[in-house]
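Undergrad: Encoded as structure tokens, here's the structure I'll be asking about.
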Amino acid sequence: MDRSRVWRGLGVAFFLLAAADSTRLSVEAWRGVEPERPRSSAAFIDAGLLAEESGDYARAEGSLLEAARIDRQHLPAWSLANFYFRRGDAASFWTWARRAAALSYHEPTLLLRLCDELGSRPAVVLERIGDTPRIHRAYLDFLIGRNRLADAQEVARRMHGEPGSEARLAALAARLRAASPNP
């Protein structure tokens, strides 16, 4: 049996118990399970989310930072980026968003949505989270999907000559032709 699933399941069970009981599970009670698995980032992430929900932002941040300290993979970085986004701490958000983007094995669309909500221009977003071909492709798709063609052109300029970018650039060109008035 996969122990990480068991621990994640325990986190869900605690949340369900608290909801069914119409009382909040105390952060102290949750922290009681941490010594059992001191290297489980999932336990620290769950504890951090629970602490945040109960309004204990300092403990939430500490738990999430501990998860990132013991597990240098995507999920703790993503969790911290989300936490700092929700807290309105842009400087910390960008630090963890960059790490999450670099560690992600999948398209960073959700991360790009958070970056976009901060109101930054594409050039700023790319500089802050990583100006890489993988990010270019995902960001171009994101901007085209939202019909933000001028911003998409800004990203497309950076993609010139990148392998595998031809289809995306052709899709953008077709959208631009369709959007422009006929002479």
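Undergrad: Is it true that some residue in the stretch 151-158 is closer than 26 Å to L114 by Cα, of a type outside the set (A, V, I, L, M), out of contact with any helix residue (DSSP H, G or I) (no Cβ under 6 Å at 6 or more places or on another chain) and not in a helix (DSSP H, G or I)?
TA: no
Undergrad: Further, regarding this structure: Could you tell me whether any residue of the stretch 115-130 is surrounded by 15 or more Cβ atoms within 10 Å (Cβ to Cβ) and among the polar types (S, T, N, Q)?
TA: Within the stretch 115-130 (the criterion being surrounded by 15 or more Cβ atoms within 10 Å (Cβ to Cβ) and among the polar types (S, T, N, Q)), the answer is yes, since at least one residue qualifies.
Undergrad: Cβ-Cβ distance below 9 Å, separation of 6 or more or different chains: which pairs start in the stretch 119-142 with a residue that is in contact (Cβ under 8 Å) with a residue 60 or more places away in the chain and end on one that is among the aliphatic types (A, V, I, L, M) and in a loop (DSSP other than H, G, I, E, B)?
TA: Listed by first residue and then by second, the contacts come to nothing, as the list is empty.
Undergrad: Tally up the residues in the stretch 150-168 that are more than 16 Å from S120 (Cα to Cα) and in contact (Cβ under 8 Å) with a residue 24 or more places away in the chain, please.
TA: 7
Undergrad: So which residues in the stretch 135-149 are surrounded by fewer than 18 Cβ atoms within 10 Å (Cβ to Cβ) and within 14 Å of S120 (Cα to Cα), if there are any at all?
TA: R148
Undergrad: Please state which one of R168, R177 is among the basic types (K, R), surrounded by 15 or more Cβ atoms within 10 Å (Cβ to Cβ) and part of a helix (DSSP H, G or I).
TA: Going through R168, R177 in turn, just one is among the basic types (K, R), surrounded by 15 or more Cβ atoms within 10 Å (Cβ to Cβ) and part of a helix (DSSP H, G or I): R168.
Undergrad: Follow-up. Within the stretch 50-71, work out how many residues are within 15 Å of R99 (Cα to Cα) and crowded, with 20+ Cβ neighbours inside 10 Å.
TA: Going through the stretch 50-71 one residue at a time, the tally reaches 3.
Read-outs: derived from the displayed coordinates by stated rules, not from any lab. No experiment lies behind these values; they were computed from the predicted model shown. Because the Cβ atoms are built from the backbone with ideal geometry, glycine has one as well, and the counts that use them run over all protein chains shown.
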